[in-house]
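**Q** Structure incoming, see below.
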Amino acid sequence: MSTVHSQRPSITVSTLDLERLEALMAQAPRAALPYVEALETELARAIAVDPEQMPADVATMNSVLRYRDLATQQEHRVTLVYPQHLASTEGAISVLAPVGSALLGLRVGQSIHWQVPGGHLIELELLGIDYQPEAAGEYHR
């Protein structure tokens, strides 16, 4: 497992996202436990910055992201959301889903190896950010 961690790039999250995610994880149903533990591990190593200080090339909550699955070379465009906004957001992916947890905090150009349920690894590369709330001046979305 340590080799997976050594391949993980540094990640950045906003203090507001961090507060909301910690509250979400505290209330998560037990069925979501493996996903919550993976997200907790990521957040424990994240650099937290004020929303106003967030670099525009970092994947934050409610961002519209383009990424590539390096195993299949398929490209995807998703909006990274909290689970409660999944149904109301087109093209959304939950931050509790393995891909969502993996993308949170990445910078454009970074890739990450991420373990998914069942034990296999996925490798994702963040290609671009089409919309980021902080860059748009929406610090409390």
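**Q** Using each residue's phi in segment 98-113, evaluate 6.51 cos²θ - 1.76 cosθ + 1.60 at θ = phi - 60° and report the 3J(HN,Hα) Karplus result to the nearest Hz, with x for Gly and Pro.
**A** With the stated coefficients, segment 98-113 comes to x, 5, x, 4, 5, 6, 4, x, 6, 9, 3, x, 7, 10, 9, 8 Hz.
**Q** Taking the Cβ of L96 as the center, what net charge do the other residues with Cβ under 15 Å away carry, scoring Lys and Arg +1 and Asp and Glu -1? Don't skip to the answer; put the middle values down first.
**A** On the way: positive: R20, R30; negative: D17, E22, E37, E40, E42.
Taking every Cβ under 15 Å from that of L96, the sum is -3.
**Q** Of all the accessible heavy-atom surface of the chain, with the other protein chains kept in place and a 1.4 Å probe, what percent is carbon and sulfur?
**A** That share works out to 50 percent.
**Q** Hey, in the GNM for the chain with a 10 angstrom Cα cutoff, which one of S63, S88, S111 fluctuates hardest?
**A** Comparing S63, S88, S111 in the GNM, the peak value goes to S88.
**Q** For A44 and T89, what does the FRET efficiency come to when R0 = 30 Å and r is the distance between their Cβ atoms, rounded to the nearest 0.05?
**A** The value I calculate is 0.65.
**Q** Would you please give the FRET efficiency between E75 and A31, computed as 1/(1 + (r/R0)^6) with r the Cβ-Cβ distance and R0 = 25 Å, to the nearest 0.05?
**A** Between E75 and A31 the formula returns 0.25.
**Q** Might you tell me the accessible area per residue for the chain, computed with a 1.4 Å probe and given in Å²?
**A** Ligands and nucleic acids excluded, the figure is 50 Å² per residue.
**Q** Would you kindly state how much longer the chain becomes between A23 and R107 on full extension, computed as 0.36 nm times their sequence separation minus their alpha carbon distance, in nm to one decimal?
**A** Full extension of this stretch gives 27.8 nm more.
**Q** Using only the C-alpha atoms of the chain, find the volume of their convex hull and express it per residue in Å³.
**A** 107
**Q** Over all distinct alpha-carbon pairs, what is the Kirkwood Rh of segment 82-141 in angstrom? Please report the intermediate quantities before stating the final value.
**A** Values: mean 1/r = 0.0770 Å⁻¹.
In segment 82-141 this quantity evaluates to 13.0 Å.
**Q** Go through segment 114-125 residue by residue and turn each phi into a ³J(HN,Hα) via Karplus (6.51, -1.76, 1.60, θ = phi - 60°); whole Hz please, and just put x for glycine and proline.
**A** 9, 7, 10, x, x, x, 8, 9, 10, 10, 10, 10
**Q** Let me ask something else about it. For the chain, what does -39500 (n - 2.57) per DSSP helix run (n ≥ 4), summed and divided by total residues, give at 222 nm, in deg cm²/dmol to the nearest 500?
**A** Computed ellipticity for the chain at 222 nm equals -7000 deg cm²/dmol.
**Q** Once you keep just the Cα pairs under 8 angstrom separated by 6 or more residues, what percentage relative contact order results for segment 12-136?
**A** 28
The values are calculated or read from the model by the stated rules, or taken from the named source; none is laboratory data. Because the structure is predicted, anything quoted here is derived from the model rather than measured. So basically every Cβ, Gly included, is an ideal-geometry build from the backbone, and we count neighbours across all protein chains shown. Each accessible area value is taken on the protein alone, full model and side chains, heavy atoms only, with ligands, DNA and RNA left out. Shrake-Rupley method; radii C 1.70, N 1.55, O 1.52, S 1.80 Å.
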